[in-house]
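Okay, so here's the structure we're looking at.
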Amino acid sequence: RTGRTRADDETAALGLSLRACDLFEDAGKEALGMECFRRTLGLALRAKRHRDALALLQRMVAIYAPGKLDQPNNVWKSFLSIVVLHLHLGDAVAADACFQEQLNDDGYLTSKECVAAEEAVAAYKAFDAERLAECVAQQPAFRYLGTQMVRVAKKLTLGGGETSALPP
């Protein structure tokens, strides 16, 4: 090794992965690149680059939306992931605004992701750490997010941060 740290390697890998996602989008081959997007999201979360993860999730929502891939279930999972990241960053206002904005989607209103996001935001806004931990533990929608996103959700605390409210 040449004095490079793990953080340097993660930053370089994330940069290359984001560039690969850009190439898929530029070529109009988003459908072929969704695995690259998902892996890049996991890498951003592992590297604790949550702002990059949020930006990537917004891009994924646009790709999964009607008119592109038309995969509403993946749009709803991405919506829930965005809410989780905003709560993780301690931004309840942005999480609530994101949740409220998503209510325009009729299918989302009846989804388990909507219920999970609503309960998480309500618990966070009520400063109820026990209810927040219970919501993440009991709502099945959280279990179907990507592995790294599930880890972030399990570590949700009031005010954001890394202290786990749930057992591993």
Contour minus Cα-Cα distance for Ala137 and Val115 (0.36 nm per residue): 6.6 nm
Solvent accessible area, Å² - Ser78, 1.4 Å probe, full protein context: 10
Accessible area of Arg46 in the full protein assembly, 1.4 Å probe (Å², nearest 10): 120
For region 42-49, 3J(HN,Hα) per residue [Karplus equation, 6.51 cos²θ - 1.76 cosθ + 1.60, θ = phi - 60°, Hz, x = Gly/Pro]: x, 5, 4, 5, 4, 7, 6, 9
Accessible surface, per residue, of region 70-133 when the full set of protein chains is kept, probe 1.4 Å, Å²: 46
Globularity ratio of region 67-131, using Cα Rg and 2.2 N^0.38 Å: 1.10
Apportionment of accessible area to carbon and sulfur, the chain, percent (1.4 Å): 53
Student exercise, the chain dipole from Lys, Arg, Asp, Glu Cβ charges, in Debye to nearest 20: 760
Region 38-98-region 128-154 distance, computed between alpha-carbon centres (Å): 15
Accessible area (Å², 1.4 Å probe, nearest 10) - Thr110: 120
For region 27-34, Karplus couplings with θ = phi - 60° (6.51, -1.76, 1.60), whole Hz, Gly/Pro x: 7, x, 10, 4, 4, 6, x, 5
Mean ellipticity per residue at 222 nm, deg cm²/dmol - from DSSP H runs of n ≥ 4 across the chain, formula -39500 (n - 2.57): -22500 deg cm²/dmol
Whole-Hz ³J(HN,Hα) from phi, Karplus 6.51 cos²θ - 1.76 cosθ + 1.60, for region 124-129, glycine and proline x: 5, 5, 7, 6, 10, 5
For region 26-144, diffusion coefficient by Stokes-Einstein and Kirkwood Rh (Cα), 37 °C, 0.692 mPa s, µm²/s: 223
Region 1-99, relative contact order [Cα under 8 Å, separation at least 6], %: 17
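The values are calculated or read from the model by the stated rules, or taken from the named source; none is laboratory data. No experiment lies behind these values; they were computed from the predicted model shown. We place every Cβ from the backbone using ideal geometry, glycine too, and count neighbours over all the protein chains shown. For the accessible areas, the whole protein counts, side chains as well, though only heavy atoms, and no ligand, DNA or RNA atoms are used. Shrake-Rupley method; radii C 1.70, N 1.55, O 1.52, S 1.80 Å.
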